[in-house]
Amino acid sequence: QQPVQSPQAVILREGEDAVINCSSSKALYSVHWYRQKHGEAPVFLMILLKGGEQKGHEKISASFNEKKQQSSLYLTASQLSYSGTYFCGTETNFGNEKLTFGTGTRLTIIP
Amino acid sequence: SAVISQKPSRDICQRGTSLTIQCQVDSQVTMMFWYRQQPGQSLTLIATANQGSEATYESGFVIDKFPISRPNLTFSTLTVSNMSPEDSSIYLCSGREGGTDTQYFGPGTRLTVL
């Protein structure tokens, strides 16, 4: 079942913060985050495996809730280069190894 | 990190013909996958390419329409057979690194069927 992302689209000014959510109806094994710019391949950002985990760095980080049904991607002090469509890819079972991608969030950063 | 190349990068084909897309990974990956992406949409998994054996297809995709080969760890092909305009899409090859579980994507093949 496809995970649902919210919001569908967001427009920010440079320097503003954004939060992108990825929700699943059942517990997940892992969540992978990607950014895709128009006409390009998705680029891997990070993977979360453990409930309650938070990882990343000051500018781009992500969390995975305790129940492992929701993950959030945090973009802080956004830059023009952050523009693109963000996808979460979810893995439902250990060893399954195939990702089901979320509905996507289009992020536009304006000067 | 794995670097994945695909060819062709784009093609325009006539209805009823077939196109084979090639995917090459620069390092060994444990898993290879083929995805389809309509412009502005999410990625849909077509199949998992298994080395030396038949691919594993997702619901809605069949081997007769999308035959896949993976003769070794770093190379795979996807054929789109008997094409119709509904097959117009971007086809993406992906490889998963063992150990890191990181999945990388090729640049995609943009297919237009007339």
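The values are calculated or read from the model by the stated rules, or taken from the named source; none is laboratory data. These figures come from a predicted structure and were not determined experimentally. Here Cβ is always computed from backbone atoms with ideal geometry, including for glycine, and neighbour counts include all displayed protein chains. Side chains included, ligands, DNA and RNA excluded: accessible areas come from the protein's heavy atoms. Shrake-Rupley method; radii C 1.70, N 1.55, O 1.52, S 1.80 Å.
Odds and ends about this structure:
- Any hit, segment A:82-101, residues being surrounded by 20 or more Cβ atoms within 10 Å (Cβ to Cβ), among the aliphatic types (A, V, I, L, M), assigned to a loop (DSSP other than H, G, I, E, B) and modelled with pLDDT of 90 or more: yes
- Test for B:F61: is it within 14 Å of chain A (Cβ to nearest Cβ), on the phi < 0 side of the Ramachandran plot and either out of contact with any helix residue (DSSP H, G or I) (no Cβ under 6 Å at 6 or more places or on another chain) or modelled with pLDDT of 95 or more (or both): yes
- Counting the residues of segment B:69-108 that are farther than 17 Å from B:G52 by Cβ and more than 11 Å from every other protein chain (Cβ to nearest Cβ) gives 13.
- When restricted to residues that are surrounded by fewer than 21 Cβ atoms within 10 Å (Cβ to Cβ), under 14 Å from B:L73 (Cβ atoms) and within 13 Å of the chain's Cα centre (by Cα), segment B:49-60 contains 1.
- When B:S18 is tested against (1) among the polar types (S, T, N, Q); (2) touching a residue at least 60 places away in the same chain (Cβ under 8 Å); (3) within 11 Å of another protein chain (Cβ to nearest Cβ), just one condition goes unmet, and that condition is (3).
- Residue in segment B:63-80 that is more than 22 Å from A:K37 (Cα to Cα), in a strand (DSSP E or B) and small (G, A, S) present: yes
- Any chance A:S61 is closer than 18 Å to A:I109 by Cα, part of a strand (DSSP E or B) and among the small types (G, A, S): yes
- Odd one out for A:Y34 among (1) closer than 17 Å to B:L43 by Cβ; (2) open to solvent by 30 Å² or more (accessible area, probe 1.4 Å); (3) not in a loop (DSSP other than H, G, I, E, B): (2)
- Where a residue in segment A:1-20 is within 12 Å of A:F87 (Cα to Cα) and its partner, wherever it lies, is aromatic (F, W, Y) and part of a strand (DSSP E or B), with Cβ under 7 Å and at least six apart: A:I20/A:Y86
- Residue, nearest to the other protein chains (Cβ to nearest Cβ), within segment A:73-107, restricted to residues that are farther than 9 Å from A:A18 by Cβ and of a type in the set (A, V, I, L, M, F, W, C): A:F101
- In segment B:25-47, the residue that is surrounded by the most Cβ atoms within 10 Å (Cβ to Cβ) out of those that are of a type outside the set (S, T, Y), more than 11 Å from the chain's Cα centre (by Cα) and within 15 Å of B:C93 (Cα to Cα) is B:L43.
- Qualifying residues in segment B:83-97 (those that are of a type in the set (D, E, K, R) and in contact with a Phe, Trp or Tyr (Cβ under 9 Å, 6 or more places away or on another chain)) - the one surrounded by the most Cβ atoms within 10 Å (Cβ to Cβ): B:R96
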